1. Quick check on my filter: what residues within the stretch 59-98 are among the hydroxyl-bearing types (Ser, Thr, Tyr) and loosely packed, with under 15 Cβ neighbours inside 10 Å?
2. Quick one: how many residues across the stretch 222-233 are aliphatic (A, V, I, L, M), surrounded by fewer than 21 Cβ atoms within 10 Å (Cβ to Cβ) and not in a loop (DSSP other than H, G, I, E, B)?
3. For the stretch 271-321, what are the residues that are part of a helix (DSSP H, G or I), touching a Ser or Thr at 6+ places or on another chain (Cβ under 7 Å) and either at pLDDT 85 or above or within 15 Å of GLY150 (Cα to Cα) (or both)?
4. So which of LEU102, LEU40 ends up being more than 16 Å from ALA195 (Cβ to Cβ), modelled with pLDDT of 90 or more, under 14 Å from the mean Cα position of the chain (by Cα) and crowded, with 21+ Cβ neighbours inside 10 Å?
5. Among the residues of the stretch 67-95, count how many are closer than 25 Å to GLY257 by Cβ and polar (S, T, N, Q).
6. Is it the case, given these coordinates, that ALA176 is of a type outside the set (Asp, Glu), farther than 30 Å from PHE151 by Cα and in a helix (DSSP H, G or I)?
7. So how many residues does the stretch 206-221 have that are surrounded by fewer than 21 Cβ atoms within 10 Å (Cβ to Cβ) and within 30 Å of GLY78 (Cβ to Cβ)?
8. Exactly one of (1) modelled with pLDDT under 85; (2) of a type in the set (Gly, Ala, Ser); (3) in a helix (DSSP H, G or I) is unmet by SER324. Its number?
Amino acid sequence: MSSSHPNVIARSNGSSLDQVNHHPYKGIFLLCLGVFLFSLQDLVIKKVSGNYPLTQVLFIRSLVSFPILLWLVHRETGIQSILQRKISPFAKRSIILFLSYLSYYMAFPALPLADAVALYFTVPLFVTAIAVPWLHEKAHPMLWWAVVLGFAGVVVMLKPTSGIFEPAAFLSLFSALTYAISMIMVRRMGNTETASMISFYQNIFFFLGATFFALLFYGIGFQDVQHPSLKFLVRPWINIPWQDLLWIASCGVIASGGTMSLTAAYHIGPASKVGAFEYSGVLWAPMWGFIFFHEIPAFTTIVGAILIVIAGLMVLKPSVNHPSHP
């Protein structure tokens, strides 16, 4: 929440402000760099998910990202431009995206990293399913075959008949759905906003959202839960050793660098070619999971991920709907 992560939703709109230059290989390189950077953020958050609350992690990440994104806004449109925008369109999309972030990272303590990330890459399938009725876009028949194939991949990964079904898988799917909605909202916002402006307001609402939920859970005492995903969300804030604090703070720098790389990729390269390489994220997740968490991807994970990637590439071919990391 690829991730997208944060952070990266803006890139789908950033390329609309400038003419796209046809430098596909440079664009592909920047795209892969951005995806790699966000995979590092996923790694860090997975690492700390067993010890610190998600709200505290997002609070620190947003705090570190703030001056970086403020500088980017200053460079592109000037600081004064922040006060010249209507907040409501940014607020609506940012709230939906915040829910996407929460659900994406809540899945990390309960799922292998490869499973959580692969399920998230159903984003382009949700974008297709939503864009056709909402934006009245025409759908090539291949798009619907892609949706069916991607759904089959999800079913394989969920292992509904194996007896080891993990409800947290729906958190990754919900994250993909809400992220897809936020991408559609970006399209409806028009072509007047820069990537840095969208990312800046997004970061502000992430900061406010993390603070609000932390105070809410503390106030009502909703902390005695057993499921690791819920524990990650409602765990009370604690003093963080400086070593771990540096790891968490690095997410703000990583997210900013990833955002710039991904935005630049879509500025200088044809989206139809560049977007396909978003799926390089599916390669990083199982590698990090194996190296740092001793996770060995199940056969169903590999098969399901392959089906989801093929379906996503089918979507990209007739109509460019690329995913992004939370």
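The values are calculated or read from the model by the stated rules, or taken from the named source; none is laboratory data. Just so you know, these numbers come straight off a predicted model, no measurement behind them. Here the Cβ positions follow ideal geometry from the backbone for every residue, glycine too, while neighbour counts run over all protein chains shown.
1. Hit for the stretch 59-98 is SER88, nothing else.
2. Matching residues across the stretch 222-233 total 1.
3. Answer for the stretch 271-321, where residues must be part of a helix (DSSP H, G or I), touching a Ser or Thr at 6+ places or on another chain (Cβ under 7 Å) and either at pLDDT 85 or above or within 15 Å of GLY150 (Cα to Cα) (or both): TRP284, ALA285, TRP288, ILE308, VAL315, LEU316.
4. Result: LEU102 is the single residue among LEU102, LEU40 that is more than 16 Å from ALA195 (Cβ to Cβ), modelled with pLDDT of 90 or more, under 14 Å from the mean Cα position of the chain (by Cα) and crowded, with 21+ Cβ neighbours inside 10 Å.
5. Total meeting the criteria: 3.
6. Here the answer is no, as ALA176 does not meet what is asked.
7. Residues that pass the stated criteria total 4.
8. It fails just one condition, (3).
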